[in-house]
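Below you'll find the structure, written out as structure tokens, and then a few comments.
Just so you know, all these numbers are worked out from the coordinates, no wet-lab data involved. Here the structure is a predicted model, which is why all the values come from computation and not from measurement. Cβ placement follows ideal geometry from the backbone for every residue including glycine, while neighbour counts extend to all protein chains displayed.
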Amino acid sequence: MSALAVQAVGAAAEAVERHLPDLVQDAVASRLFARDATLWGPDAESEAAIRLSWVGLHRSSRPLVGEVEALREELRERGVRRIVLCGMGGSSLAPEVITGTAGVELVVLDSSDPDMVRSALQEDLAGSAVVVSSKSGSTLETDSQRRAFVHAFSEAGIDPTERIVVVTDPGSPLDEQSRADGYRVVNADPEVGGRYSALTAFGLVPSGLAGADIGALLDEAEVVADLLAEDDEANPGLRLGAALAGTRPLRDKLLFTDAGSGIAGLADWAEQLIAESTGKQGTGVLPVVAPAGDSPTAGLGSTDDCTVVVLAPEDGDDEEVPAVEGVGSLVAVSGSLGAQLLLWEVATAVAGRLLGINPFDQPDVESAKQAARDIMEDGADGAGRPDLVDDAVEIRAAGGGWLPEGVSTLEGAVDALLGELDPGTGYLSLMVYLDRVEHADLAEVQGDLVRRTGRPVTFGWGPRFLHSTGQYHKGGPAQGVYLQVTGAPGQDLPVPGKDYTFGEFISAQAAGDAGVLADHGRPVLRVHLTDQDQGLAQLRTVLAR
């Protein structure tokens, strides 16, 4: 059985055949593992020069295995039986995949929603330890979550320095302040970008503390590292990169489906890696992740999409790729989790070279963050007056005059938005700023909308998607229409030591992102639920029509 296998069919196979000889001739694989920063052109060189340590993490992260195991035992002796992770984007998605695949519990708090934050604070605080992860050390969501837990532990008579572990880059503001305050700090490799950090302290510390075997994960990556570094047409990283970004014309919608891989949430992790790395300069590849048990290909079969099937590792040597009806481009991938983490990182770096972009920056993520900060500094919610009100729903249109006069209902507004969807190249993005644990079943409407529109539909929980597909929405091709859902919280929650609440913060994040999308000329329908129960019922009825 091979440790990794990549098989391509249709347009994806043609792309592999077209680009592999040049990728091998240009020694792309060996140069990547030698950390050659010139692979993506002169404009990307300065950034790439400080972002390539991920190619050697299977070895350089080894000291963390013993350190994390010792810390885990120390926390157990203090009565800890629950690990909470406060982090966003690359700091949370990899640990969620690692622990989900290992079958161990990790509470991931990657939201500013006050109801979700309160739930994380109230459940078994006495038996909890918290990992606070931020590469920059200045991530506002993570700082707000940290403040909430410090306050909660202190109020409960628990020393927060004995229950909070900080993961950050050396020298960051969080690193310096945490050490001064007496917290345990684990530094990550500063020459690894957030979305390539699965095998750094960001991925390994929370996963190991929760009970995952992080040593075995590094073993799985090490087994395939030499294969991925070879300048050979059998290199699965080169093959996958060519399939993702080498089709002509570019099939820029990547539809993920799982065929019993045993890896929990791989597509959610790959979504951030691919979308944030490639979605810029008007190009990119958009991953489309469907809920478990649903198919993102329902009603599709377009000339601009490619289906990715993630197989069980034992199926990787099968000569026959599973047939998917109506699909003209397909890639089947198999391998263990550690192997696939490294595989997809290599493939994304290769895809960036083929697309002619810098796969290590994220300029439009920063623009949305700044817009949210500006709104909060102005002391407003950024929403403005609604264009119309339909029972428990306030409706606002942004991004140009696309909402026709006379529209008076939620149904009419949704119809108008979908009328902006290009039937040949467009996609719909549903962006939901609610408690993703409490309202997890809302993701079921994704399939309804795929069948209704015949086009790819992405579903993102805010603010988490801002660190993922949010880059592609603004920096990628102007093909999307956007439905944003916000709601009045059941009960707001103050951010300790700040003059704003979590509710005000998440409102500013939603308004800021909508504003940046509108500035890019993207049509955005903003739906605000003044009563979450009634509003959600209305919304479900309209979307599932």
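Relative contact order for the chain using alpha-carbon pairs under 8 Å, separation at least 6, rounded to a whole percent? The partial results should precede the final answer.
On the way: 1156 pairs, mean separation 105.9, N = 545.
About 19 percent, as a whole number.
Would you work out if region 187-309 is rounded, prolate or oblate? Take a ≥ b ≥ c from the square roots of the eigenvalues of the alpha-carbon gyration tensor; rounded if a/c is under 1.5, else prolate when a/b is larger than b/c, oblate otherwise. Intermediate values should be presented prior to the final figure.
On the way: a/c = 1.73, a/b = 1.44, b/c = 1.20.
Prolate is the answer for region 187-309, as a/c is 1.5 or above and a/b outweighs b/c.
Over region 61-217, what number does the Rg to Rh ratio reach, with both radii from the alpha-carbon atoms and Rh per Kirkwood? Don't skip to the end; give the middle numbers.
Numbers: Rg = 13.9 Å, Rh = 15.2 Å.
Reported Rg/Rh (Cα atoms, Kirkwood Rh): 0.92.
If the cut-off is a Cα-Cα distance under 28 Å, which lysines reach residue 253, setting aside same-chain residues fewer than 8 apart in sequence?
Cross-link targets: 280, 369, 474.
Which order do 116, 431 fall in if you start with the one that has the fewest other Cβ atoms within 10 Å?
On the way: 116 23, 431 26.
Going from sparsest to densest Cβ surroundings: 116, 431.
Under the √(5λ) rule applied to the eigenvalues of the Cα gyration tensor, what semi-axes describe the equivalent ellipsoid of region 363-543? Give them in Å, descending. Show your work: numbers first, answer last.
Details: eigenvalues 113, 73, 51 Å².
So the equivalent ellipsoid measures 24, 19, 16 Å along its semi-axes.
Tell me the relative contact order for region 156-224 as a rounded percent, counting alpha carbon contacts under 8 Å between residues six or more apart. Display every interim value, and only then the final one.
Numbers: 58 pairs, mean separation 16.5, N = 69.
Computed over region 156-224, the figure is 24 percent.
Can you tell me the order of 449-457, 344-352, 41-49 when each peptide is scored by its average per-residue count of other Cβ atoms within 10 angstrom, highest first? Don't skip to the end; give the middle numbers.
On the way: 449-457: 20.8, 344-352: 26.2, 41-49: 14.9.
Per-residue mean Cβ counts within 10 Å order the peptides as 344-352, 449-457, 41-49.
What distance in nm separates the two pseudo spin-label positions at residue 138 and residue 17, each 7 Å out from Cα along the beta-carbon direction?
5.1 nm
Among DSSP beta bridges whose residues both lie in the chain, state the antiparallel percentage, nearest 5. Don't jump to the answer; show the numbers that get you there.
Numbers: 18 of 69 bridges.
Around 25 percent antiparallel, to the nearest 5.
Which ³J(HN,Hα) values in Hz, rounded to whole numbers, follow from the phi angles of region 22-33 under the Karplus curve 6.51 cos²θ - 1.76 cosθ + 1.60, where θ = phi - 60° and Gly and Pro get x?
5, 4, 6, 4, 7, 6, 4, 5, 5, 5, 4, 6
If you rank 354, 388 by fewest surrounding Cβ atoms within 10 Å, what's the result? Working shown, then result.
Details: 354 20, 388 16.
Ranking 354, 388 by Cβ neighbours within 10 Å, fewest first, gives 388, 354.
Sort 208-220, 23-35 by the packing proxy (mean of other Cβ within 10 Å over each peptide's residues), most packed first.
Details: 208-220: 20.5, 23-35: 17.1.
Top to bottom by mean Cβ count within 10 Å: 208-220, 23-35.
In nm, to one decimal, how far is the modelled label at residue 38 from the one at residue 387, with both set 7 Å along Cα→Cβ?
Each label point lies 7 Å from its Cα, and together they span 5.2 nm.
Relative to the Cα centre, what is the charge dipole magnitude of region 61-217, using +1 at the beta carbon of each Lys and Arg, -1 at the beta carbon of each Asp and Glu, and rounding to the nearest 20 debye? Write out the running numbers ahead of the final one.
Values: 14 positive and 24 negative charges, 19 e Å.
With Lys and Arg at +1 and Asp and Glu at -1, about 80 debye.
Taking the Cα-to-Cβ direction at residue 491 and at residue 259 and moving 7 Å from each Cα, how far apart do the two end points lie in nm?
Calculated label separation equals 5.0 nm.
Taking the Cβ of each residue in 40, 402 as the centre, tally the other Cβ atoms inside 10 Å and list the residues starting with the fewest. Walk me through the numbers before you get to the answer.
Numbers: 40 20, 402 16.
Ascending Cβ contact count within 10 Å gives the list 402, 40.
With unit charges on the beta carbons (Lys and Arg positive, Asp and Glu negative) and the dipole taken about the Cα centre of the chain, which residue among 494, 98, 273 sits farthest to the positive side?
Ranked along the dipole, the leading option is 494.
Computed FRET efficiency, Cβ-Cβ of residue 312 and residue 374, R0 56 Å: what is it to the nearest 0.05? Show your work: numbers first, answer last.
On the way: r = 48 Å, r/R0 = 0.86.
After rounding, the FRET efficiency stands at 0.70.
Which FRET efficiency value, to the nearest 0.05, is calculated for residue 231 and residue 187 with the Förster distance at 51 angstrom and r the Cβ-Cβ distance?
Numbers: r = 34 Å, r/R0 = 0.66.
Step by step, r from the Cβ atoms, then E = 0.90.
Rounded to whole Å and sorted largest first, what semi-axes of the equivalent ellipsoid does the C-alpha gyration tensor of region 401-482 yield via the square root of 5 times each eigenvalue?
Working: eigenvalues 87, 57, 35 Å².
Three semi-axes, in Å: 21, 17, 13.
Quick one: Debye curve from the alpha-carbon atoms of the chain only, equal weights, vacuum; give me log10 I(q)/I(0) at q = 0.05, 0.12 Å⁻¹ to two decimals.
Taken in order of the listed q values, log10 I(q)/I(0) reads -0.19, -1.15.
Could you work out the Kirkwood radius for region 181-223, taking every pair of different alpha carbons, averaging 1/r and inverting it, reported in Å?
On the way: mean 1/r = 0.0875 Å⁻¹.
Result for region 181-223, one decimal place: 11.4 Å.
Quick one: dipole size for the chain, taken about the Cα centre, charges +1 on Lys/Arg Cβ and -1 on Asp/Glu Cβ, in debye to the nearest 20.
On the way: 40 positive and 84 negative charges, 106 e Å.
Rounded to the nearest 20 debye, it is 500 debye.
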